[in-house]
Amino acid sequence: MLAKLRSLASDTAIYGISTILGRFLTFLLTPLYTNYVTQAELGDTAYLYAMIAFVNVVYSCGFDSAFFKFFRSDTQSSESKSIESTEHNRSVFAHAQMGIAVISTVATLILCAFPEKFASALGLRHIASMLVYAALIAFFDALVLVPFAALRMESRSRRFAALKFSVILLNVAANLVLVVKMQMGIRGIFLAGLLSSFAGVLLVLPEFARYVFRGRIAFDAALFRDLWRFGLPTVPAAFSAMMLQVIDRPILKIFVDSASIGLYQANYRLGIPMMLAVTVFEYAWKPFYLRETSRPASRKQRRATHAMLARVLTYFTVVCGIVFLAASLLIEYLVRMPFLGGRFVNPAYWSGLSMIPIVLGAYYFNGLYANFAACVYIRKRTKYLPRITGMAALANIGLNFLLIPHYGIWGAAWATLGAYMLSAAQMYRLTRKIYPLRYEWRRVALAVSLCLAIFVAAIFSTKGMALGSGFLARCAWILVYPLFLLALGFFKSEEAALLSLSSKYNTPT
């Protein structure tokens, strides 16, 4: 178990370092925008990117998820089996890519042919030209889904990370030129996004060469039908999941102006540390549990695998506790730091900082959902996904309409937290039925309750302190968290052994 968990940790670290660096660069765009574009422009950008998120789901149509399931990981076995698996994977790649390419091309042509009509329907007539950029961004993003999925299933985490980071780096550089230097405002934001998305397609051309251009691939109607049947049920679920993430922006536009949406977007983005923790984990988690549960195993080995999968949730919670404390307690000091154009975040946006702990909590429950969702993919029960995410999405919509009129942008944040809690609870309920695991709920409860207690104590004990002393005091409170866990006997002896093995493994020879 320890060796396999270390393998998961290793992949997570590789994905993590690149993702953290890349997302941190992207995160820097938020304070950059607060200083170089208006709140209304930032609000329009957030609204239109929310629309792009929904379009991305339509473009993929579940073929990327189907690729994960039908990809064979046994290419290192006997020579004949290796050749058979390689040809099978080439065929799966080509058919999944073909499905995405056809759907995204048709949809993009329609959007680009009638931008004024779509912009009017979305309430964006004043920036209708941005809709063309948005459609092309979604198109190029769709074309790289399968190549990046192939890298993940091949455990080529270093190349995956390098390519992702390169695209992000180009996007940030383009923003610095177009938004900061050339003062192009919202147009510069979308041009930068378009350039980086197109560059992403160029960077994955070697993956197309390896899978598609190495020989003839005959069209397999049965395989395409299987990919379609597996992937299609995931589309409503993915659509609902996207509603959980971004539906609050369109609903906010009904009740508040674009400037308020800009205020909400800037502060919501400051919850990026927890989003990073969840994203990094999920990158490594899905290929990990699919590989571990697809191998033939005895009853004893299956029990060991189940225990390992359950314990991952415990470790995930501890890490998220540290992230929550660091982000929520130190953010008000971070925004005051000098940055391009003024402060790290323009003071006009500081009034929304109190929503950040709510956003962090929402991302944690999204991580719980990702943990529990393993059962659906292991048991091939994707038909349950639309119901679970659909219920959570409807709850999110209802909560937004209920809370925003009374609490404004804070109501949207609370609605997101409530919806993610419901999605995690529903997924756990399903897990108990189709793939029950013995989660270490006492340890999870201890980690969460201690984290919240320290958060409250830190807030009240540092209230009214000067900036310097308050910052140091809160840093001390963050360090208290793992020390208290250690003092309370939270960590088991075998986990100490894991740390010892990791240290030995990383020691240069």
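If a/c stays under 1.5 just call it rounded; otherwise compare a/b with b/c (prolate if a/b is bigger, oblate if not). Do that for region 244-290, with a ≥ b ≥ c from the square roots of the Cα gyration tensor eigenvalues.
Details: a/c = 6.74, a/b = 2.44, b/c = 2.76.
It is oblate, given that a/c is not under 1.5 and a/b is not larger than b/c.
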Sort 233-244, 374-385 for me by packing, meaning the mean count of neighbouring Cβ atoms within 10 Å per residue, highest on top.
233-244, 374-385
Along Cα→Cβ, 7 Å out, is where each label goes; now give me the distance between the ones at Ile459 and Ala218 in nm to one decimal.
6.5
Gap separating the Cα centres of region 171-203 and region 390-438, nearest whole Å:
34
For region 62-231, I need the span (max minus min coordinate) of the C-alpha atoms along each principal axis, in Å, sorted largest to smallest.
59, 33, 23
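Please work out whether region 359-504 counts as rounded, prolate or oblate from its C-alpha gyration tensor, where a ≥ b ≥ c are the square roots of the eigenvalues and a/c under 1.5 means rounded, while otherwise a/b larger than b/c means prolate and anything else oblate?
Details: a/c = 2.98, a/b = 1.16, b/c = 2.57.
Since a/c reaches 1.5 but b/c is at least a/b, the shape of region 359-504 is classed as oblate.
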Whole-percent tail of the Cα-Cα distance distribution for the chain, cut at 28 Å, equals 57
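Would you list Lys164, Lys117, Lys463 from fewest to most Cβ contacts within 10 Å? Write down the numbers at each step before the final one.
Working: Lys164 22, Lys117 13, Lys463 8.
Ranking Lys164, Lys117, Lys463 by Cβ neighbours within 10 Å, fewest first, gives Lys463, Lys117, Lys164.
Taking 0.36 nm per residue of sequence separation and subtracting the Cα-Cα distance, how much length would be gained by fully extending the chain between Val177 and Asp226, in nm to one decimal?
Extending this stretch completely gives an extra 13.1 nm.
Could you tell me the calculated FRET efficiency between Ser166 and Ile254, based on Cβ-Cβ distance and R0 = 41 angstrom, to the nearest 0.05?
Values: r = 39 Å, r/R0 = 0.94.
FRET efficiency, Ser166 to Ile254: 0.60.
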Using mean Cβ contacts within 10 Å as the protection proxy, how do 147-156, 412-421 order, highest first?
412-421, 147-156
Spin-label pair Leu25/Arg299, simplified geometry with 7 Å Cα→Cβ offset, distance in nm
5.3
If each residue of separation counts as 0.36 nm, what is the full-extension length gain between Ala466 and Tyr407 once their alpha-carbon separation is subtracted?
18.2 nm
In the chain, which whole DSSP H runs stretch at least 24 Å along their own axis (Cα) and average 1.6 or higher on the Kyte-Doolittle scale?
185-203, 441-461, 467-487
Distance between modelled label sites at Glu84 and Leu334, nm, 7 Å Cα→Cβ extension:
5.1
Taking 41 Å as R0, compute the FRET efficiency from the Cβ-Cβ separation of Ser351 and Arg156 and round it to 0.05.
0.35
Relative contact order of the chain, defined on C-alpha pairs under 8 angstrom at six or more residues apart (%)
21
Cβ crowding within 10 Å averaged over residues, with 92-100, 284-292 ranked highest first
92-100, 284-292
Once every DSSP H run of n ≥ 4 in the chain is given -39500 (n - 2.57) and the sum is divided by its residues, what mean residue ellipticity at 222 nm do you get, rounded to the nearest 500 deg cm²/dmol?
-27000 deg cm²/dmol
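Any read-out appearing in this document is the output of simple, stated calculations on the displayed coordinates, not a laboratory observation. Nothing here was measured: the structure is a model prediction, and the numbers come from that model. Positions of Cβ are generated from backbone atoms using ideal geometry, with glycine treated the same way; all protein chains shown enter the neighbour counts.
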